[in-house]
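To start, the structure under review is shown below, and the notes come after it.
All of the numbers you see were taken from the coordinates with simple rules; none came from a lab. Remember, predicted model here, so these are calculated numbers, not experimental data. We place every Cβ from the backbone using ideal geometry, glycine too, and count neighbours over all the protein chains shown.
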Protein chains: 2
Amino acid sequence: MIKEEFRLDNQLCFRLYTASRLLTQAYHPLLSVHGLTYPQYLVLLVLWEKDAQPVNDIAKRLFLETNTVTPLLQRMEKEGILIRTKGKKDARQMIVSLTEKGRDLQNILAEVPSAIGNKVICKSVTPENAPELFRKLDDIIASLSGSTTRT
Amino acid sequence: MIKEEFRLDNQLCFRLYTASRLLTQAYHPLLSVHGLTYPQYLVLLVLWEKDAQPVNDIAKRLFLETNTVTPLLQRMEKEGILIRTKGKKDARQMIVSLTEKGRDLQNILAEVPSAIGNKVICKSVTPENAPELFRKLDDIIASLSGSTTRT
DNA sequence: GTTATTTATATCGTTCACGATGAAAATATA
DNA sequence: TATATTTTCATCGTGAACGATATAAATAAC
């Protein structure tokens, strides 16, 4: 007999992992028609909020490592969505800036958030209980984002 | 000015994605010492519940495609954790069965669930509100798992 | 000012995820 | 029975994730 703690139905991580994957899949048709992936879309969200950021700031905002973000940005640069220029004050930094094309994507993708919202909102997450769910997820993220450096 | 729906702080998917990644990272030190990855651990959970399952059943239980699960299982077979044998009734199926080593891992990893629980439970998810969070995530998964086949 | 350390990116290797495609076996249909 | 279709798994290519390592620039220590 399997121990109760090992049951898949008792796993928080599996739920988060599955929900994350399925929701990312829901983005796929909306983004792929514009040649974007979901992590690339996240980079756009970051840069739309604040343009011209060093790689490190983008990585930190997304809780990712630079070795994940760098190749991602290189692909986006190749697509003409952004440009990477050496920092003037600090030559180690690569400043990532949106191109015209990158800025335009904000209009082109204008319907994405509501389209996603419609896929999820009806059955499960309502505008009323969403903040509470957000708070819990933020809590989980906060409790884990500090302690992951330790082994 | 960025539209409100585009703000990273208003994204459900980004929260799920981040929480999932960080929690998976929390598993890493506990699993890697035994040569396991998190998805491989999930396969173990599935097989501990019910041994000798075809690839398809394992994939469906994890909401994954067989083209993700197959190479994963091949690696685990190479590690001697499981064996894959052709189905007798249906020769198309590959029946995945735990080896002695695979079954033993249940004892070896006995402390993993509580170790993970300790990393998360204190600040955010308490035993009291966990079921509610589980229900919401299950709701999201249910609402998305059906509609993903459509483009 | 020279050396050591830290910081910011980049590169590399491995393992997922997943769309697309292929091969073989089972089932349905003619 | 012969052919068509579906099902099951495998293979391939691409893009993340991430640990480990490398490189160059900035900062600290001497």
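Provide the net charge surrounding A:Lys86, with neighbours chosen by a C-beta distance below 15 Å and charges set as Lys +1, Arg +1, Asp -1, Glu -1. Combined, the nearby Lys, Arg, Asp and Glu give +2. With a 10 Å cut-off around each Cβ of A:127-138, the average count of Cβ atoms from other chains is 4. Computed over the protein assembly as shown, the per-residue total of -39500 (n - 2.57) for DSSP H runs of n ≥ 4 gives a 222 nm mean residue ellipticity of -18000 deg cm²/dmol, rounded to 500. Taking the label point 7 Å along Cα→Cβ, B:Lys86 and its counterparts in the other copies are spaced 6.1 nm apart, in ascending order. In this rough spin-label picture, where each label sits 7 Å from Cα along the Cβ direction, the B:Ser145-A:Glu111 distance is 3.0 nm. Each residue of region B:58-64 was assigned a 3J(HN,Hα) from its phi angle through the Karplus curve 6.51 cos²θ - 1.76 cosθ + 1.60 (θ = phi - 60°); the sequence is 5, 4, 5, 4, 9, 6, 10 Hz, with glycine and proline shown as x.
For the residue pairs A:Lys60/B:Lys3; B:Lys78/B:Lys119; A:Lys60/A:Lys136; A:Lys3/B:Lys101; A:Lys3/B:Lys60, alpha carbon separations beyond 28 Å are given by B:Lys78/B:Lys119. A Förster radius of 30 Å, combined with the Cβ-Cβ distance separating B:Val33 from B:Asn129, puts the computed FRET efficiency at roughly 0.45.
Give me the mean projected area, in nm² to one decimal, of the convex hull enclosing the Cα positions of the protein assembly as shown. Walk me through the numbers on the way to the answer.
Details: hull surface 71.8 nm².
Mean shadow area of the hull around the Cα atoms is 17.9 nm².
Dipole of region A:60-151, Cα-centred, from +1 at each Lys and Arg C-beta and -1 at each Asp and Glu C-beta, to the nearest 20 debye?
460 debye
Distances between copies of A:Glu4, taken at a point 7 Å out from Cα along the Cα→Cβ vector and listed shortest first: 4.4 nm. With respect to chain B, whose longest principal axis is taken over its alpha-carbon atoms, helix B:112-121 is tilted by about 0°. Comparing A:Ser145, A:Ser32, A:Ile116 along the charge dipole axis of the protein assembly as shown, the residue lying farthest to the positive side is A:Ser32, per the Cβ-charge model. For the segment A:21-33, counting C-beta atoms of other chains within 10 Å of every residue's C-beta and taking the mean gives 4.
Taking R0 as 30 Å, what FRET efficiency do you get between B:Ala91 and A:Gln25 from their Cβ-Cβ distance, rounded to the nearest 0.05?
Working: r = 31 Å, r/R0 = 1.05.
Working from the Cβ atoms, E equals 0.45.
Translational diffusion of region A:25-151 was estimated from the Stokes-Einstein equation, with Rh taken as the Kirkwood radius over Cα pairs; at 25 °C and 0.890 mPa s the coefficient is 150 µm²/s. Compared with the dominant principal axis of the Cα atoms in chain A, helix A:38-49 is inclined by about 60°. Here is the list for region B:42-92: GluC sites (Glu not before Pro) lying in DSSP coil, each with at most 11 other C-beta atoms within 10 angstrom of its C-beta, are B:Glu65. The three principal axes of the Cα atoms in region B:35-110 give end-to-end lengths of 34, 23, 22 Å, sorted in falling order. How high is the relative contact order of region A:30-151, given as a whole-number percent (alpha carbon pairs under 8 Å, six or more residues apart)? Over region A:30-151, the number comes to 20 percent.
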